[in-house]
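Worksheet: one structure, shown below.
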Amino acid sequence: MGDLWLVLRKFVANAKTVATIAPSSRALSQATVRGIDWSKANVVVELGAGTGPITEELVKTAPPAVRLVVNEFLPEFCDALRQKFPDLDIASGDARRLTELLADRGIPVVDYVLSGLPLTHFAPADRDTVMNQVGQILSPDGEFRQLTTAPWLYRGLYRRYFREVSFRLVMWNLPPGGVYCCRRWIPPAERT
Ligand SMILES: C[S@@+](CC[C@H](N)C(=O)[O-])C[C@H]1O[C@@H](n2cnc3c(N)ncnc32)[C@H](O)[C@@H]1O
């Protein structure tokens, strides 16, 4: 109940930033993490972690050798994350500064980026800023995963940034949603 209340309160105050009235369900969080190839992953970054439902699945699933970096913009959510996961690297700040947040940590390459960011609410230039940094930091066979509560609707949007985009539907969420799984980033000069 605590997380639900915190998300609702922050939604009322910052609707465009929070963009949801409830944290992701366990089903959606598990779908976001499912299938990560832990035998190859060294670094996994989560963007827009909120109160941490996906973080929780990540922490449960990731082998200890994998480096996890969890980003969130709103200070109250960062406090909640630090309380729940005292040993985790919580990178507070704007995901539009992703390269800098990772450079501060000496991280040049990332294997998976899991995003709960409300990217469809971002101005197009801000979305490009985030996605270009994601693409540049991802390893060649790395993967970007984006949560949504609008199943299939934004496949075209992510196809702008990645050559391969698939979608996992998750009905058990409020509202039903899913995860876009994206590979093979398209640099800006090659986009149509
Ligand atoms: C739709 S909520 C998802 C929260 C959580 N991942 C979940 O699944 O319940 C979006 C989250 O992105 C965060 N956010 C929005 N803009 C951001 C930005 N520019 N940088 C980092 N986080 C941001 C919000 O504060 C919020 O916690």
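The values are calculated or read from the model by the stated rules, or taken from the named source; none is laboratory data. Just so we're clear, the structure is a prediction, and the values are computed from it rather than from any experiment. Every residue, glycine among them, receives a Cβ derived from its backbone with ideal geometry; neighbour counts consider all protein chains shown. Ligands, DNA and RNA are stripped out before the accessible areas are found, and what is left, the full protein with its side chains, is counted by its heavy atoms. Shrake-Rupley method; radii C 1.70, N 1.55, O 1.52, S 1.80 Å.
Quick notes
- The residues packed around Asp128, meaning those with a beta-carbon under 13 Å from its beta-carbon, carry a net charge of +3 if Lys and Arg are +1 and Asp and Glu are -1.
- Heavy-atom accessible surface of region 1-131: percent carbon and sulfur, 1.4 Å: 56
- Calculated over region 1-108: convex hull of Cα atoms, volume per residue (Å³): 103
- Sorted largest first, extent of the chain alpha carbons per principal axis (Å): 45, 36, 28
- Solvent-accessible surface of region 128-192, averaged per residue with a 1.4 angstrom probe and all protein chains in place: 51 square angstrom.
- Taking Glu46, Glu100, Glu76 and ordering them by how much accessible surface each has at a 1.4 Å probe, largest first, produces Glu100, Glu76, Glu46.
- Per residue, region 1-83 exposes an accessible area of 49 Å² to a 1.4 Å probe, with every protein chain left in place.
- Percent accessible area from carbon and sulfur atoms, region 151-192, protein chains only, probe 1.4 Å: 60
- Relative contact order computed over region 1-155 (Cα-Cα under 8 Å; 6+ residues apart), in percent: 22
- Inter-centroid distance (Cα atoms) of region 3-67 relative to region 103-164, Å: 15
- Note on region 49-153: Cα-Cα pairs beyond 16 Å make up 60% of the total pair count.
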